[in-house]
Amino acid sequence: MDVNVMENIFLLVLVTLMSAVQNAFFAQKVEKECKTHNAKTAAFERVYCATRNCMDAYPTFIAVMWCAGICLSQAPAAFAGLMYLVARQKYFVGYMGQTSQSTPGYLFGKRILSFLFLMSFVGVVNHLLAHYFATDFKDYIQTITKAASALLLLP
């Protein structure tokens, strides 16, 4: 693979691989709960439901993270991806306790997905402006995005 291309996607690849490991962890928890207890218990239902909810949002996460990283800036997209993995872990652990404990993780994950979607949208709009009107704001937008990604850490 071309070194230039690899430099532009390396962080996104790392976050994607970490998310795959996290998915395997979730699947292992479901399998362990199924073997430890009867599949009809409330604990199994909570673990299974938490895993299913995480898997349902996974394609959206991967799509917006890669689009944001390729269309706008890799580093803020990868950072937001890492924060999403933390939020997803918080959601999963919270759901295993009581479902009301999962709400902070869910809301945090939603905010990160919105940020990644906004990054993707702005990147596409900037590309269209550059292509059709010869106006490129990518450097300014990347500076703003890098500063705004730190705001994801605020509760």
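So, of the residues in the range 102-127 that are among the small types (Gly, Ala, Ser) and surrounded by 13 or more Cβ atoms within 10 Å (Cβ to Cβ), which turns out to be nearest to Leu12 (Cα to Cα)?
Looking at the filtered set, the residue picked out is Ser120.
Name the single residue that is surrounded by the fewest Cβ atoms within 10 Å (Cβ to Cβ) among those in the range 80-101 being among the aliphatic types (A, V, I, L, M) and over 18 Å from Ala27 (Cα atoms).
If we take residues in the range 80-101 being among the aliphatic types (A, V, I, L, M) and over 18 Å from Ala27 (Cα atoms), then Leu82 is surrounded by the fewest Cβ atoms within 10 Å (Cβ to Cβ).
When the residues of the range 103-155 are filtered to those that are part of a helix (DSSP H, G or I), among the hydroxyl-bearing types (Ser, Thr, Tyr) and over 13 Å from Ala80 (Cβ atoms), which remaining residue is nearest to the chain's Cα centre (by Cα)?
Selected residue: Tyr106.
Look through the range 12-47, keep the residues that are of a type in the set (Lys, Arg) and part of a helix (DSSP H, G or I), and return whichever of them is surrounded by the fewest Cβ atoms within 10 Å (Cβ to Cβ).
Ranking the candidates gives Lys35 first.
Determine whether Phe44 is closer than 26 Å to Leu154 by Cα, of a type in the set (A, V, I, L, M, F, W, C) and in contact with a helix residue (DSSP H, G or I) (Cβ under 9 Å, 6 or more places away or on another chain).
No: the conditions fail for Phe44.
Across the range 123-140, what is the number of residues that are within 14 Å of Gln74 (Cα to Cα) and either at pLDDT 90 or above or among the polar types (S, T, N, Q) (or both)?
The total comes to 1.
If you check Ala50, Ala130, Ala77, Ala150, which single one turns out to be in contact with a Phe, Trp or Tyr (Cβ under 9 Å, 6 or more places away or on another chain), on the phi < 0 side of the Ramachandran plot and either exposed (fewer than 13 other Cβ atoms within 10 Å of the Cβ) or among the basic types (Lys, Arg) (or both)?
Of Ala50, Ala130, Ala77, Ala150, the one residue that is in contact with a Phe, Trp or Tyr (Cβ under 9 Å, 6 or more places away or on another chain), on the phi < 0 side of the Ramachandran plot and either exposed (fewer than 13 other Cβ atoms within 10 Å of the Cβ) or among the basic types (Lys, Arg) (or both) is Ala150.
Within the range 75-88, can one find any residue that is within 30 Å of Asn126 (Cβ to Cβ), among the aromatic types (Phe, Trp, Tyr) and in a helix (DSSP H, G or I)?
Within the range 75-88 (the criterion being within 30 Å of Asn126 (Cβ to Cβ), among the aromatic types (Phe, Trp, Tyr) and in a helix (DSSP H, G or I)), the answer is yes, since at least one residue qualifies.
The values are calculated or read from the model by the stated rules, or taken from the named source; none is laboratory data. Only a predicted model underlies this, so the values are computations on that prediction, with no experimental measurement involved. Cβ: placed from backbone, ideal geometry, glycine included. Neighbour counts: every protein chain shown.
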